[in-house]
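Report on the following structure.
None of the figures in this text is laboratory data; all of them are computed from the coordinates on show. Source: prediction; values computed, not measured. Here Cβ is always computed from backbone atoms with ideal geometry, including for glycine, and neighbour counts include all displayed protein chains.
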Amino acid sequence: MSEKTSAAKRAAELRQQLEQANHRYYVLDAPEISDAEYDQLFSELQQLEAANPELKTPDSPTQRVGGAPSPMFAAVRHRQPMLSLRKAAIDLKAEGPELQHAELIDFDRRVREVLLKAKVDYIAEPKLDGLAVSLIYEHGVLVQGATRGDGETGEDITQNLRTIRSLPLRLRGEVPPLVEVRGEVFLPLAGFQKMVRDAEARGEKPPVNPRNAAAGSLRQLESVITAKRPLAFYAYGTGVSEGWQQPARHRDVLDQLKTWGFPVSELIEPVTGAEGCLAYFEAIGKKRASLPFDIDGVVFKLDDLAGRNELGSVSREPRWAVAYKFPAEEAETTLLGVDFQVGRTGAVTPVARLEPKFVGGAMVSNATLHNMDEILRKDVRVGDTVTIRRAGDVIPEVVGVVIRSDAERSAHEARALVKLLDECPVCGGAVAKEEGEAIARCTNGLSCRAQLHGALIHFVSRKAIDIDGLGEKLLALVIDALDVRTPADIYLKLDAAKLAVLERMGEKSAENLVKAIDASRDTTFGRFLFALGIPVVGETTARDLAQHYGSLEALLAAAEADLATEHAEKKKERFPLLQSVPDVGPTVAASIAHFFAEPRNRAVIDTLVKLREDGGAGIHWPAPKAAAEGALTGKTLVITGTLPGLSREEAAALIEANGGKVTGSVSAKTDFLLAGEAAGSKLAKAEKLGVPVLDLAALRGLIG
């Protein structure tokens, strides 16, 4: 036997022994070799692979320790959307268990009514407070791992996921050509507490809670850092697969996951009916405080997989599952002060500074006070004992003041009222609160640094102008170092030479960013309008404005003409031109008109669209095409859900090429709803209004 062959054989033996040891230690919790023996085997494999690089395989245990730094995470389009779960919660204020648990009981009733069954079986599992991930295995080997992201697109974190020792790099036993496994990455409480102690010892800010610590660990650009974090993983289901016949029940899927080598929570149990769900919920609630990890509720999933297909999904949520959340946790603490924060739209928001208190799985030292009207309604004053509430990822809030005695009331009334600032805490500009509005705003526009940073983050975001590589931290740097003061300055002041000297940039990164900036000049009218950050104008409204007016000049003319009508007696007579756009009401119309009437905004817009040779940014988009004639001429369609093999933009282009018009919302004037997988509230509204619903095949048949 040659030396090379001998080394390859020994490397294969070591990989098998180490994976077996990992499986017994991290999955079965039944180690069979000591740490010293494991380290010896691991070291031998490292030396073999170092001497023979061709022996290093993607599923080798040595690949868990982390690789080279990644400049950024690539986007991963999920082959099957990762749907979010419908949330339900106990109403503790209701009288009697039936009313308190009404949402869960209604969920069970709807499932039974669709399936025409008196009782149905569910799988109950603890709702881990971690990060959902998708894992793709080809012929049993992990080839890709991604975050959930927005459900359609996530981040490629394969290298970081490889470092989690409870997650198999190669599946055990018989495996299909392709299978997607889904589960939760989380941080056990013992590991979280160690991370907190270590951060405090280094004089750094400790992580807020286990979930944030887990998410931050998975998004490290250097996987060697992730490898040092004590992350754990539980599998809870599968997604797409090839060459594998799924079982009939979810419980059998979980058994298969265990056979392949995945850790599956031992707390998962089958239950029957709403009664079984409630019994499990109460039992797990009693165990919650003693569990080695954070949970914020229970997930109930229909066990019958065929029944799941029959129930389908709505609004990106499966009808066959529900997340039943524990009640929000509350605690009492002292209000030390009130700070004011400024957002990208200039909104000045009061934030309570608190004596730190552990509540809802996190140490809370700040909580929202929402707005000045809420402060006055709750009569919150600095020095008061207040109740704070936190539930899951919800921002902690101040519920109210605690007054139990006359002495406490007297002390409360002696304290000064909280007053709104006259000047912006960031730029010193005037703070104004319009009559009838709850939010106060800094009036200094993009001259305010807080608004500028937020506005630029929005401007460069993926759904807006989409400048890849220009993130929050880098934007903060260019604002200070390169005097970027408007979105137009991104194009006029950022070049490779200036960017290369900034922290963590370098020549290659600077060149790539300049290319991304240049590429973003070619956009669409709808993206451009969305990027401007017009208050209360979202992505859909921006697209509707673009489709309705076709050109910036036409939109500006309509906004200018509408300003003369803003004080009309009847709401429908205010801003009539802008309100002719689908889903644009008086509030949105007023925001659009006032935004374009602001001279500083117009100056920035003019510079953005001015030709580069004339000193502008040169942002442009295709000229509006003459309306096509075809089978859909005169028809208005709305698109919802995920279409097979076709993006929404491509579907809209297909409709418009055949004479149709695409709008963002369903109304009585809608002729057809084009619905794909995971269609949501638009489908329900269309059915209610009697609007005909098409799938992609029906649409293609309609247009021939």
- Cα-based shape type of segment 329-414, given that a ≥ b ≥ c are square roots of the gyration tensor eigenvalues and the cut on a/c is 1.5: oblate
- Could you pull out every residue, at least 5 positions away or on a different chain, whose amide H is within less than 5 Å of the one on E155? Hs are placed 1.01 Å off N in the peptide plane, and Pro or chain starts have none. V76, T147, G149
- Compute the signed sum of charges (Lys and Arg +1, Asp and Glu -1) over the other residues within less than 10 Å, Cβ to Cβ, of L267. -2
- Query: Relative contact order, percent, of the chain when contacts are C-alpha pairs under 8 Å separated by at least 6 residues?
  - Reply: 9 percent
- If each part is reduced to its alpha-carbon centroid, segment 674-694 and segment 329-358 end up apart, in Å, by 41 Å
- Item | Label-to-label distance, nm, for residues given as E269 and T524 (7 Å Cα→Cβ offset) | 5.1 nm
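So for segment 356-439, averaging the separation of alpha carbon pairs under 8 Å that are six or more residues apart and normalising by length, what relative contact order in percent results?
Across segment 356-439, relative contact order equals 27 percent.
Based on the Cα gyration tensor of segment 636-703, what are the three equivalent ellipsoid semi-axes, each the root of five times an eigenvalue, rounded to whole Å and given largest first? Write down the numbers at each step before the final one.
Details: eigenvalues 57, 36, 21 Å².
Equivalent ellipsoid of segment 636-703: 17, 13, 10 Å, largest first.
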- Throw me the Rg/Rh for segment 508-655, computed over C-alpha atoms with Kirkwood Rh, two decimals. 1.01
- Note on the structure: Restricting to Cα pairs under 8 Å and 6 or more apart, the percent relative contact order of segment 121-325 works out to 30 percent
- Message: Could you check the spin-label model distance between D614 and N309? Points 7 Å from the Cα along Cα→Cβ, value in nm.
- Response: 5.9 nm
- So what's the convex hull volume per residue for the Cα atoms of segment 445-519, in Å³? 77 Å³
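Specify whether the C-alpha gyration tensor of segment 378-431 places it in the rounded, prolate or oblate class, a ≥ b ≥ c being the square roots of the eigenvalues: rounded for a/c under 1.5, otherwise prolate if a/b is larger than b/c and oblate if not.
Values: a/c = 4.31, a/b = 1.29, b/c = 3.35.
Oblate.
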- What does the charge add up to near F186, with Lys and Arg as +1, Asp and Glu as -1, over the other residues with Cβ less than 10 Å from its Cβ? -2
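So for T541, T349, T670, fewest C-beta neighbours within 10 Å to most, what's the order? Working shown, then result.
Numbers: T541 23, T349 16, T670 20.
By the 10 Å Cβ count, ascending, the order reads T349, T670, T541.
Would you please give the FRET efficiency between A564 and T443, computed as 1/(1 + (r/R0)^6) with r the Cβ-Cβ distance and R0 = 35 Å, to the nearest 0.05? Display every interim value, and only then the final one.
Working: r = 23 Å, r/R0 = 0.65.
The value I calculate is 0.95.
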- Most exposed first by the Cβ proxy, i.e. fewest other Cβ within 10 Å, how do H101, H412, H567 rank? H567, H412, H101
- Item | Sparse-neighbourhood loop sites, trypsin sites (Lys or Arg not before Pro) in segment 478-555 - DSSP loop, at most 10 other Cβ within 10 angstrom | R504
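Quick one: length gained pulling E434 to K473 fully straight, 0.36 nm per residue minus the C-alpha distance?
10.7 nm
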- Simple Cβ-charge dipole of segment 636-703, Lys/Arg +1 and Asp/Glu -1, about Cα centre, in debye nearest 20: 240 debye
- Rh_Kirkwood(segment 121-325) over Cα pairs, Å, one decimal, evaluates to 18.0 Å
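Given R₀ = 45 Å, FRET efficiency for A74-R110 by Cβ-Cβ distance, to 0.05?
Working: r = 39 Å, r/R0 = 0.87.
Approximately 0.70, to the nearest 0.05.
Cut-off is 10 Å between beta-carbons; in what order do L674, L369, L41 appear when sorted fewest neighbours first?
L41, L369, L674
Working out 0.36 nm times the residue gap between E174 and Q341, then minus their Cα-Cα distance, what length gain in nm do you get to one decimal?
On the way: separation 167, 0.36 × 167 = 60.12 nm, distance 5.64 nm.
Here the answer is 54.5 nm.
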- Message: Please flag any cysteine in the chain that has no other cysteine's Cβ under 4.7 angstrom from its own Cβ.
- Response: C277
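Classify segment 213-309 as rounded, prolate or oblate from the Cα gyration tensor: take a ≥ b ≥ c as the square roots of its eigenvalues, call it rounded if a/c is under 1.5, otherwise prolate when a/b beats b/c and oblate if not. Numbers along the way, then the final one.
Numbers: a/c = 2.51, a/b = 1.23, b/c = 2.03.
In terms of gyration-tensor shape, oblate.
Set the Förster radius R0 to 25 Å, insert the Cβ-Cβ distance between E332 and K87 as r into 1/(1 + (r/R0)^6), and round the FRET efficiency to 0.05. Write out the running numbers ahead of the final one.
Details: r = 26 Å, r/R0 = 1.05.
About 0.40, to the nearest 0.05.
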- On the first, second and third principal axes, largest extent first, how far apart are the outermost C-alpha atoms of segment 555-625 in Å? 47, 30, 15
- Query: Can you give the charge dipole size of segment 167-278 about its Cα centre, rounded to the nearest 20 debye, using +1 on the beta carbon of Lys and Arg and -1 on the beta carbon of Asp and Glu?
  - Reply: 460 debye
- Query: What does the charge add up to near A593, with Lys and Arg as +1, Asp and Glu as -1, over the other residues with Cβ less than 9 Å from its Cβ?
  - Reply: -3
- Item | Label-point separation in nm, D671 to K688, each point 7 Å along Cα→Cβ | 2.5 nm
- On full extension of the chain, what length is gained from N52 through K498, given 0.36 nm per residue of separation minus the C-alpha to C-alpha distance? 156.2 nm
- Hey, can you grab everything whose amide H is under 5 Å from the amide H of V399? Only 5+ residues off in sequence or another chain; H modelled, so Pro and N-termini drop out. T387, I388, R389
- Read through the labelled values (i) 3, 14, 22, 21, 16, 12, 8, 4, 1, 0, 0; (ii) 3, 15, 24, 25, 18, 10, 4, 1, 0, 0; (iii) 2, 11, 18, 23, 23, 15, 5, 1, 0, 0 and report the label of the one computed as P(r) over Cα pairs in 10 Å bins from 0, in percent from the structure. (iii)
